[in-house]
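Below is one structure; the comments refer to it alone.
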Amino acid sequence: MIRTTTRALLVCGLSALGLSALGLSCATGSDPCDPNPCVSPPADNCVAGVAQIYPSTGQCFSPGAQAECTYEPALVDCADTGQFCHEGVCLADPCDPNPCVSAPSDGCDGNVVVSYDETGSCEITEGHVECSYAEASRTDCALVGDGEICENGACAVSVEPCNPNPCTEPEPNTCSGEVASVFPAEGNCTADGSSFDCSYVPVVLDCSANGFLCDAGQCVPDPCNPNPCNSPPTDTCSGDTANVHPTWGVCVNNDGSAECTYTSSPVDCSATSLICDNGLCVTPGDPCNPNPCTSPPADSCNGNTAETFTGPGTCTDSGGSPECDYPSATQDCTLTSEICSGGSCVPAGGGAVFISEYVEGSSFNKYLELYNASSSAVDLSNYSVEIYFNGSTSVSATLSLDPVVLLPGEAFVIADDDHTLWTSPGPDQVFSASFWNGNDAIRLMVGITQADLLGTIGDIAEWGVNKTFVRKAGVLVGVTSGTSWDDTEWTELAVDTHQLGGHTP
């Protein structure tokens with residue numbers, strides 16, 4: 001029994017001619033056997049009177065990135081039925097009718113064309129058919145024309161084997177250390193009668209001369225030149241030993257990528273009567289050396305008075321622990337007819353009407369609450385709500401507000417006209433237009449000026465699905481510029497809960 005095995009490295013995107021010749025096709029996934037490429041079995045044949053009949057689909061194995069096909073034939077001994085084997089088929093008399101009707105192609109015997117009779121003689125030898133064809137004619141090409149030669153069974157005018165240049169298959173480029181040998185795409189052709197020889201003279205490049213590396217016969221940049229390893233780990237302590245890392249690490253080229261190694265050096269702080277703290281040797285018992293007061297509090301509002309902090313602060317040893325005092329400055333925003341928001345004085349009035357609550361609940365329970373944080377009444381007829389659906393950068397829907405005068409400290413609620421969550425006393429204005437669904441940016445406009453923003457324009461992320469957001473106390477002005485919101489200014493509530501109808505600034 002003959003088991004036929006073929007093997008090929010399947011590389012999609014290359015010519016399929018080589019694969020089909022081996023009975024393979026290119027797999028589309030990471031497994032070269034999925035789908036099974038083994039669909040071209042060998043031709044059925046005879047071995048010592050036994051018919052070898054191959055299946056149409058073979059077995060595929062994938063050792064690594066190669067597909068290996070095995071076709072295991074079924075065996076039929078024609079002698080068991082008193083028959084003869086011919087081309088994988090058992091026949092009673094394989095010579096009747098005469099199968100020898102495919103004469104060999106005309107060939108060359110030196111410079112002589114040899115042709116054969118179309119019908120040959122059939123003989124049965126050791127259980128299988130053998131065909132023999134007698135020569136029909138012989139033609140000396142030298143007598144046919146001026147200098148003709150026999151090629152592929154025919155007389156042909158001799159041609160220059162190097163014209164056009166057949167030398168177009170150079171060997172792969174190579175590396176020897178950092179020296180690249182680059183072979184030309186077209187080599188030198190030398191004629192030898194009707195045959196030819198090819199030679200390829202490589203160009204030798206010293207990649208290191210320009211600070212490059214040699215990789216697969218090409219000069220490529222060295223990822224370690226200049227050294228990118230300038231971000232060492234944080235120094236640490238092991239007891240009273242400081243583990244100090246160098247500013248510059250050691251760079252190793254790892255398959256074209258820089259790999260950095262920082263080897264720390266131990267420093268025994270106790271050798272100089274010091275202790276280790278955060279990777280530094282410091283005086284024992286002094287929590288203020290070095291000064292840890294480098295993170296002042298965030299600027300804040302006390303009513304309409306803005307308080308700002310600066311650093312570094314003053315450190316005081318409080319029982320072995322540092323106690324920080326940061327200098328601050330205050331500003332009464334009312335002296336400039338402004339209000340305090342986020343620790344800064346900002347203009348009051350139109351810009352101080354902002355979105356104070358957002359609801360995206362079940363069904364059509366969608367609400368938006370506006371709040372007047374200024375000290376003046378505001379006419380809402382100048383205001384509108386723009387909605388940007390599904391990450392769009394263009395306005396998808398615009399909701400114009402009623403000509404309502406919103407007094408200082410009052411809230412104004414709009415809603416989808418099919419809402420059911422808050423019906424008493426209910427919203428101040430409803431719309432039949434499409435509302436948001438959790439992945440849409442919402443922008444409050446006063447005229448053509450941005451007064452506030454929820455979500456990020458152009459981003460389809462589902463930031464507000466089945467959520468309620470309430471503006472935190474102390475935020476007294478909306479996002480008046482840019483295309484992204486500040487989610488740190490909001491408190492999130494569970495779905496279908498709300499604080500609509502009023503706001504605590």
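Read the figures in this text as sums done on the coordinates, not as results from a lab. In this text, all values refer to a predicted model and were calculated from it rather than measured experimentally. Neighbour counts run over all protein chains shown; Cβ positions are idealised from the backbone, glycine included.
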Segment Asp417-Ser484, length gained on full extension (0.36 nm per residue, minus Cα span)
21.3 nm
Dipole magnitude of the chain, debye to nearest 20 (Cβ charges: Lys/Arg +1, Asp/Glu -1, about Cα centre):
1720 debye
Tell me, Trp463, Trp248, Trp485 in order of fewest to most beta-carbon neighbours within 10 Å?
Trp248, Trp463, Trp485
Cβ-Cβ FRET estimate between Ser194 and Ala136, R0 fixed at 25 Å, reported to 0.05
0.50
Express the relative contact order of the range 34-80 as a whole percentage, based on alpha carbon pairs under 8 Å and six or more residues apart in sequence.
38 percent
At R0 = 25 Å, how high is the FRET efficiency between Gln429 and Ser392 if r is their beta carbon distance? Nearest 0.05 is fine.
0.55
Using the number of other C-beta atoms within 10 angstrom as an exposure proxy, rank Cys288, Cys301 with the fewest first.
Cys288, Cys301
Length gained when the stretch Thr449-Asn289 is fully extended (0.36 nm per residue, less Cα-Cα span):
52.5 nm
One point scatterer per Cα, no solvent, Debye formula: log10 I(q)/I(0) for the range 348-493 at q = 0.13, 0.17 Å⁻¹ comes out as -0.51, -0.92
Evaluate the Kirkwood expression for the hydrodynamic radius of the range 97-230, namely the inverse of the mean inverse distance over all pairs of different C-alpha atoms, and round to one decimal in Å.
20.3 Å
Using only alpha-carbon positions, what ratio does the radius of gyration of the range 413-505 give when scaled by 2.2 N^0.38 Å?
1.11
Length-normalised contact order for the range 51-107 - Cα pairs under 8 Å, 6+ apart - percent
29 percent
Theoretical gain in end-to-end length, Glu462 to Val244 [0.36 nm per residue, Cα-Cα removed]:
74.0 nm
Mind grabbing the base-10 log of I(q)/I(0) for the chain at q = 0.13 Å⁻¹? Debye formula, identical points on the C-alpha positions, no solvent, two decimal places.
-1.21
What distance in nm separates the simple spin-label points at Ala271 and Phe61, each placed 7 Å from Cα in the Cβ direction?
6.3 nm
Cα-based Rg/(2.2 N^0.38 Å) for the range 285-336, rounded to two decimals, is 1.44
Once amide hydrogens are built 1.01 Å from N within the peptide plane, the residues lying 5 or more places from Phe354 or on another chain with amide H under 5 Å from its amide H are Tyr371, Ala373
Determine, at each q value in 0.29 (inverse angstroms), the log₁₀ of I(q)/I(0) that the Debye formula gives when each Cα of the range 69-131 is one equal point scatterer.
-1.18
Using the Kirkwood radius over C-alpha pairs as Rh, can you work out the diffusion coefficient of the range 202-284 via Stokes-Einstein at 4 °C, viscosity 1.567 mPa s, in µm² per second?
85 µm²/s
With labels modelled as points extended 7 Å from the Cα through the Cβ direction, what inter-label distance (nm, one decimal) is found for Asn227 paired with Ser105?
6.6 nm
How far apart, in nm, are two points set 7 Å out from the Cα along the Cα-to-Cβ line at Val182 and at Ser376?
7.1 nm
Mind giving me the FRET efficiency for Thr125 and Glu72? R0 is 30 Å, r the Cβ-Cβ distance, nearest 0.05 is fine.
0.65
Summing -39500 (n - 2.57) over the DSSP H runs of n ≥ 4 in the chain and dividing by its residue number, what mean residue ellipticity at 222 nm do you reach, to the nearest 500 deg cm²/dmol?
0 deg cm²/dmol
Can you put Lys366, Lys472, Lys467 in order, fewest other beta carbons within 10 Å first?
Lys472, Lys467, Lys366
Run the numbers on the chain and let me know its relative contact order in percent, using alpha-carbon pairs under 8 Å that are six or more apart.
6 percent
